[in-house]
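In what follows, a structure is listed as structure tokens, so that the remarks can point back to it.
The values are calculated or read from the model by the stated rules, or taken from the named source; none is laboratory data. Here the structure is a predicted model, which is why all the values come from computation and not from measurement. A quick note on method: Cβ atoms are made from the backbone with ideal geometry, for glycine too, and the neighbour counts reach across all protein chains shown. With ligands, DNA and RNA removed, areas are computed over all heavy atoms of the protein, side chains included. Shrake-Rupley method; radii C 1.70, N 1.55, O 1.52, S 1.80 Å.
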Amino acid sequence: MTETTTTRAVAEIGGVPLDVLAERVGSTPFFAYDRAALTERVALLRRTLPRDLQLSYAVKANPMPAVVQHLAGLVDSLDVASADEMRVALDTPLDGSRISFAGPGKTPAEIRRAVAANVTIEMESETEARRVAQAGEELGIRPRAAVRVNPDFRVKGSGMRMGGGPQQFGVDAEVVPDLLREIAATDIEFRGFHIFAGSQNLSAEILCEAQRKTVELALALAAEAPDPVRYLNIGGGFGIPYFDKDEPLDLDAIGANLHELLSTLVRPALGDETRVVTELGRYIVGEAGHYVTRVVDRKQSRGQTFLVVDGGMHHQLAASGNFGQVIRRNYPVSIGTRAGAEPSETVSVVGCLCTPLDLLADKALLPEADIGDLVVVHQAGAYGLTASPTAFLSHPAPAEVLV
Ligand SMILES: *Cc1c(COP(=O)(O)O)cnc(C)c1O
């Protein structure tokens, strides 16, 4: 009997072989998000974090409507950073009161929309507080709002620092008591505080320390608040490994720390009714996403091999190293149509843009690939398409699918 093998040497996303998925999508390049991976990631967070800590998804990490819809059924709330993200969030079954709206420079028009939708507005300045109060008066709707605090400490090791020192985000902690007195004189429904120190942190030790300082600051400010604090958003900043030497975050350590902080500090001071929330973007979606491109040319130049693919930095800027990175390092890349093949050559994967910045993998050791093969950039679920300059070089936008 001859042995037949049904195993295809092709990687899968969401159980669908990549070459079949490419046919189903109908064109390359495209982003594919793995539904089961999203579900599993939220389940892991639920298992590990305290039961009375609510989970919010930061929509800006990936605002694809199908992704947001799926996650809306798994998390407790959504955090948006623009009126259009708010529109996507309001299309989910979640009530407006389960949506929070953060970000500097909210216009009076955006604030009116948020007030009309009963969304919790995270006020980032005195001006915003005045606009919120005014929108409430004009609409005859009592606005729900929280104060975003720029903490009086800094967090080391974050890919992007968004709190501590001078910031465009939030109200400096030391002037929050003055603002609270102003809010008390308005008809704003004061809900509580939002403190977000930074993003993409892989050190559990640093994150635990930041969580402790965040809770201590929030409780000190709660004593100055006009109403009981019913909402406390302690931020997040959980990182994912992108590069060779990155170690995944020790989520167990984070969970244990949060258990302790909630039971010894937060609950005794604020009671059981207060919604305590951690908001996460990339930790939920980052590893569930893949950017799939096709090799259109393979060429040699003075001893170096280049795979030229039909995608590039205009869709996946972060993989090219131009989205906030100080030193360019390779994102994980694979040849999706040569799964299981041994890495056998060193190649550079470049995009189709006419700029040397369009480098997806610099001298990476990969299985041999040719024209027609699919090259996949992994860890592409967060800050991919919507954080990239899609209009640069006027190529078409890629498809996005949830598989
Ligand atoms: C961007 C952002 C997040 C999400 O950050 P991740 O690194 O994707 O988890 C959370 N909160 C606020 C206020 C943000 O601006």
Search region 249-286 for residues being more than 16 Å from the ligand (Cβ to nearest atom) and open to solvent by less than 10 Å² (accessible area, probe 1.4 Å), and hand back the single one that is nearest to residue 213 (Cα to Cα). 261
Just to verify a result, which residue in region 197-213, among those that are in a helix (DSSP H, G or I) and open to solvent by 40 Å² or more (accessible area, probe 1.4 Å), is nearest to residue 264 (Cα to Cα)? 212
With the checklist (1) within 11 Å of the ligand (Cβ to nearest atom); (2) touching a Ser or Thr at 6+ places or on another chain (Cβ under 6 Å) in hand, flag the one item residue 230 doesn't pass. (1)
Which pairs turn up if I take residues in region 243-255 that are assigned to a loop (DSSP other than H, G, I, E, B) and look for partners that are among the charged types (D, E, K, R) with beta carbon separation below 7 Å, at least 6 apart in sequence or on another chain? 243/329
Can you tell which of 165, 159 is within 24 Å of the chain's Cα centre (by Cα), over 26 Å from residue 72 (Cα atoms) and crowded, with 17+ Cβ neighbours inside 10 Å? 159
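Conditions tested, residue by residue: (1) outside any loop (DSSP other than H, G, I, E, B); (2) within 19 Å of the chain's Cα centre (by Cα); (3) surrounded by 16 or more Cβ atoms within 10 Å (Cβ to Cβ).
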| position | (1), (2), (3) |
| --- | --- |
| 23 | yes, no, no |
| 36 | yes, yes, no |
| 54 | yes, yes, yes |
| 71 | yes, yes, yes |
| 79 | yes, yes, yes |
| 85 | yes, yes, yes |
What about residue 224, is it away from the ligand (no atom under 16 Å from the Cβ), more than 17 Å from residue 53 (Cβ to Cβ), assigned to a helix (DSSP H, G or I) and not assigned by TED's automatic domain parsing to the domain that holds residue 379? no
Sole miss for residue 58 among (1) open to solvent by less than 30 Å² (accessible area, probe 1.4 Å); (2) more than 16 Å from the ligand (Cβ to nearest atom) is condition (2)
Only one of these conditions is not met by residue 204: (1) at pLDDT 95 or above; (2) touching a strand residue (DSSP E or B) at 6+ places or on another chain (Cβ under 8 Å); (3) hydrophobic (A, V, I, L, M, F, W, C). Which number is it? (2)
